[in-house]
Amino acid sequence: MERTHLPSPCRPTRPARTPRRPLPWPLHGALALALGLAVLTGACSTLGGPFAEGARGPGGVPAPQAAQISLIVAQTRSQFPELSGTGIPFDARKAPEVHPDRAPELALQGPGVGVQPGLQTGERPRLRAALYLDKQAYASGYLEVTPAGGAAERWNVVAFDQQGAPRKRFDFTYVLATPASQLRYLVLIGGPYQQDGEDYLGYEGTLIEPGPGNDLEHWARAYKLDFGFRFATVPAHQRKVEQAVSAFRELQRDMDRLERLRERIAATEGNLATLRNSEVPADQAARREQQLADADKRLEALRSERDTLVDATEARFVSYYELRLAISNEFAAFTQSNRYSWLDRAGRQEFYDKWKVVEFHHPRIDDLVSAFLTYKEHGGKVLDARSAAMTVITQNDNWAKDPSKASQARPRK
């Protein structure tokens, strides 16, 4: 029987520890805090964007903002030399080149529940928070806050403090400026941990509203943010990738065994036909009958072995395609999770590269299916399982989610 060539809708062709950066002021209610942050907040609410973009210097000022300020100094020195120390050396700073990895992108999102000091009374306020950070230093960006029943607001990061590293245990503090020039404080903690003998990752946020006059000692309210407390260190889809790779290898071995059995059956059938058609002396007739009986028995055993292996291989094909379907859905869901969005590009690429291993089974897996159809004419359950998996794989289009976004030809083998 000729092999059936299957149309495939999805056939591919082939940070170091972050240094701790102290806030440029103490976090508790001195006059310097109120004055310094008032100036910074005023600048942020007036100038806006630069505080949410670019890398900061050691004191927390973004490099693009520092370049803009330096340009104003150069302009005033040029326009008003009589008011300037013209002999003092000065060169205006150049604005840094914009790096794509420094543009804020979604890092974490989740719901928040408000709490207050002391006895909790009344209904707890709720909100939804989405944190956008640069993925170079995790130091600049903004928090999008949406109160229940209210409109979204964007609160820019104006200062930060970091301990630990994003991919390890970390404790990050962000000072935020609201559109009304009020200060809020966001603390993120997270990292790997063990519980009940299993390895997990978690991310927790605390959004703090200080008391009047930026009084942190007598804070007014805090929102506990659930960014995902219990993510498996090894995602579910990744374990299934390993199972699918193993199943694929088993299918290759099964088809090799079936091909060898086909050859043995053909050879035995040929020998049996030769025996039946051969002329033998009368005194050797009994011996030939025994040879025919033995050959029939061997042929029956080989055919039985083949049929058993065909059924087992069919079940393995179905299991393989069920795994592929589950992998496609689970990886698609994983790319929408905080576990994934918190990572920088390199971290996301690692997961993508591990997932795409199963994509390289095409077109070899289709060749195996075509070969299998020569043993089971109508394909049994295999074609139905394949069709269901390919529909989901095509819909999810996980191949297009390559974090590198580099154009590449799909692998062919």
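Placing pseudo-labels 7 Å out from each Cα toward the beta carbon at D226 and L292 gives an inter-label distance of 7.8 nm.
When only Cα pairs below 8 angstrom with a gap of at least 6 residues are kept, the range 236-401 shows a relative contact order of 39 percent.
Taking the Cα centre of the range 236-401 as the origin, how large is its charge dipole in debye, to the nearest 20, when only Lys and Arg (+1) and Asp and Glu (-1) carry charge on their Cβ atoms?
That gives a dipole near 540 debye.
Relative contact order of the range 178-254: 24 percent, from C-alpha pairs under 8 Å at least 6 residues apart in sequence. In this calculation the C-beta distance from Y200 to F80 is compared with R0 = 56 Å, giving a FRET efficiency of 0.35.
Applying 0.36 nm per residue to the separation of A266 and V115 and subtracting their alpha-carbon distance, the gain on full extension is 46.5 nm. Using 0.36 nm per residue and subtracting the Cα-Cα separation, the extra length available between Q252 and K381 on full extension is 44.6 nm. Summarised as an ellipsoid, the range 325-413 has semi-axes of 30, 15, 9 Å, derived from the eigenvalues of the Cα gyration tensor scaled by 5 and square-rooted, with the largest first.
At each listed q (0.13, 0.18 Å⁻¹), what is the log10 of I(q)/I(0) that the Debye formula gives for the range 135-288 modelled as equal alpha-carbon point scatterers? Once normalised to I(0) and log-transformed, intensities are -0.82, -1.14.
Sequentially through the range 348-353, phi angles give Karplus couplings (6.51, -1.76, 1.60; θ = phi - 60°) of 5, 5, 4, 5, 4, 5 Hz, Gly and Pro residues having no value and appearing as x. Other residues within the sphere of radius under 13 Å centred on the Cβ of I189, judged by their own Cβ, net out at -1 (K and R +1, D and E -1).
Once fully extended, how much extra length lies between L216 and A103, figured as 0.36 nm per residue of separation less the alpha-carbon to alpha-carbon distance? Each step should come with its number before you reach the end.
Details: separation 113, 0.36 × 113 = 40.68 nm, distance 3.06 nm.
Once the chain is fully extended between L216 and A103, it gains 37.6 nm.
For the range 256-308, the direction-averaged projected area of the alpha-carbon convex hull comes to 3.4 nm².
Three semi-axes describe the equivalent ellipsoid of the range 288-377; taken as square roots of 5 times the Cα gyration tensor eigenvalues and ordered largest first, they are 47, 11, 10 Å. Positive-end ranking of A315, Y340, H378 along the dipole of the range 236-401, with charges on Cβ about the Cα centre, is headed by Y340.
How big is the range 236-401 by the Kirkwood estimate over distinct Cα pairs, in Å? It would help to have the intermediate numbers written out before the result.
Numbers: mean 1/r = 0.0528 Å⁻¹.
Kirkwood radius, the range 236-401: 18.9 Å.
Here, each number is a calculation from the coordinates, and none is a lab measurement. Keep in mind it's a predicted model, so treat the numbers as computed, not measured. Cβ atoms come from the backbone with ideal geometry, glycine included; neighbour counts cover every protein chain shown.
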